[in-house]
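The values are calculated or read from the model by the stated rules, or taken from the named source; none is laboratory data. For clarity, every value in this text was computed on a predicted model and none was experimentally measured. Counting neighbours? That spans all protein chains shown, and the Cβs are built from the backbone with ideal geometry, glycine included.
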Amino acid sequence: MPMKQRLSQPPTTQCNPAAQGARRNPLRVTLGLVVSLCGLLFLGGVSAEQSPPDAGANLNSSLEETRITMGKWIETQQIIAKERNDWQTGKEILTNRVDLIKSEIASLQEKLTQAQSSVTESDRKRDELLAENDQLKAAGVQLNEAVTAMEAEVRTLFKSVPDPIKVKLDPLYLRIPTNPAETRASAAERFQNVLGILNELNKANTEISVNYEVRTLADGKSSEVRAVYVGLAHAYYVSARGEGGIGSPTADGWVWVPSKAVAPDVIKALEVLQGKHTPAFVSLPVKIQ
């Protein structure tokens, strides 16, 4: 009987150190429990040979209960160990995710700061561009006013341009808008057109040109004549019959006046221009207004 009491105590007294060790090493606990269980079985066999039959039955029942209890306890410890390992693994995964999210948050904050800086810079540039645009609009208004005034002066000047020059400048002159407020042409195009006309007029004003024209002579009949234009200010003509005349510009166009006295000088000037006469000074009447 003392042996029976001794065998009934180990599950509560001797397993406590193993339970403490299970927290550190489940394999070590399991091996220790197996050794303990073998010892109990051995002692049970010895006591069964020395004890009465009833005591042996009770001992076998206690051993079976001990085996079941130890099996459940081992299974529980294994589950606890597995859960602890799974929790540790999950903790590491969550920690890594948290670190990754923190890194992403820091990166996003940096990008947000850069974006805010870019927005500030963009706002500054936009303000500069708006100010520049306002200046350009004001300059555009001034340019439109200037080119409109120049076009009006060209229209006035065009009336006093010789007919041969008018024919040459007609393509440019027709581009001048009749209503500047409704034209689709830009100020740059209009300036270019006006400058083209003025360049041609300036070139014609420095040249002496000869043209065949039809003029009304002193007898009231029309005849083909050769006209000599000295720039844009004076012109002289002579007919095949030797009848001459003088032309001068006015605000309403050119005025031609027959003049027999000028005919010989005009003929001489034409011969010089055509290379039929040696270069010489030719006196022609000039009217200065």
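Considering the stretch 229-246, and only residues there that are of a type outside the set (F, W, Y) and under 13 Å from V214 (Cα atoms), the residue that is surrounded by the fewest Cβ atoms within 10 Å (Cβ to Cβ) turns out to be A240.
Each row is one residue, and each column tells you yes or no for (1) in a loop (DSSP other than H, G, I, E, B); (2) out of contact with any helix residue (DSSP H, G or I) (no Cβ under 8 Å at 6 or more places or on another chain); (3) among the hydrophobic types (A, V, I, L, M, F, W, C).
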position: V147; (1), (2), (3): no, no, yes
position: M150; (1), (2), (3): no, no, yes
position: S160; (1), (2), (3): yes, yes, no
position: I176; (1), (2), (3): yes, no, yes
position: G196; (1), (2), (3): no, no, no
position: N202; (1), (2), (3): no, yes, no
position: E213; (1), (2), (3): no, no, no
position: V228; (1), (2), (3): no, no, yes
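Residues in the stretch 247-262: is at least one exposed (fewer than 10 other Cβ atoms within 10 Å of the Cβ), assigned to a loop (DSSP other than H, G, I, E, B) and of a type in the set (S, T, Y)? Among the residues of the stretch 247-262, not one is exposed (fewer than 10 other Cβ atoms within 10 Å of the Cβ), assigned to a loop (DSSP other than H, G, I, E, B) and of a type in the set (S, T, Y), which makes the answer no. Only one entry of S107, S117 meets the criterion of being more than 25 Å from the chain's Cα centre (by Cα), surrounded by fewer than 11 Cβ atoms within 10 Å (Cβ to Cβ), of a type in the set (S, T, Y) and in a helix (DSSP H, G or I), and that entry is S107. Looking across the stretch 191-220, the residues that are closer than 25 Å to V147 by Cβ and among the small types (G, A, S) come down to G196, A204. Taking the stretch 212-224 as the range and being surrounded by 15 or more Cβ atoms within 10 Å (Cβ to Cβ) and closer than 16 Å to S248 by Cβ as the test, the residues that pass are E213, R215. If the requirement is being within 30 Å of L198 (Cβ to Cβ) and not hydrophobic (A, V, I, L, M, F, W, C), which of these qualifies: R175, R124, R97, R84? None of the other options fit; the residue is R175. Take L232 and tell me if it is part of a loop (DSSP other than H, G, I, E, B) and closer than 22 Å to I165 by Cβ. When the stated conditions are applied, L232 passes them. Right, V154: farther than 24 Å from A227 by Cα, of a type in the set (A, V, I, L, M, F, W, C) and more than 39 Å from the chain's Cα centre (by Cα) or not? The answer is yes for V154.
Does S283 satisfy the criteria of being surrounded by 15 or more Cβ atoms within 10 Å (Cβ to Cβ) and among the polar types (S, T, N, Q)? No: the conditions fail for S283. Of all residue pairs spaced 6 or more apart or on separate chains, those with beta-carbon atoms under 9 Å, a first member in the stretch 249-265 that is within 14 Å of S160 (Cβ to Cβ) and a second member that is in a helix (DSSP H, G or I) are A251/T156; G253/D163; W254/D163. Screening L94 with (1) under 38 Å from the mean Cα position of the chain (by Cα); (2) over 28 Å from A251 (Cα atoms); (3) at pLDDT 90 or above gives one miss only, at (1).
Filter the stretch 178-194 for residues that are of a type outside the set (D, E, K, R) and in a loop (DSSP other than H, G, I, E, B); which is nearest to the chain's Cα centre (by Cα)? Across the stretch 178-194, the extreme among qualifying residues is S186.
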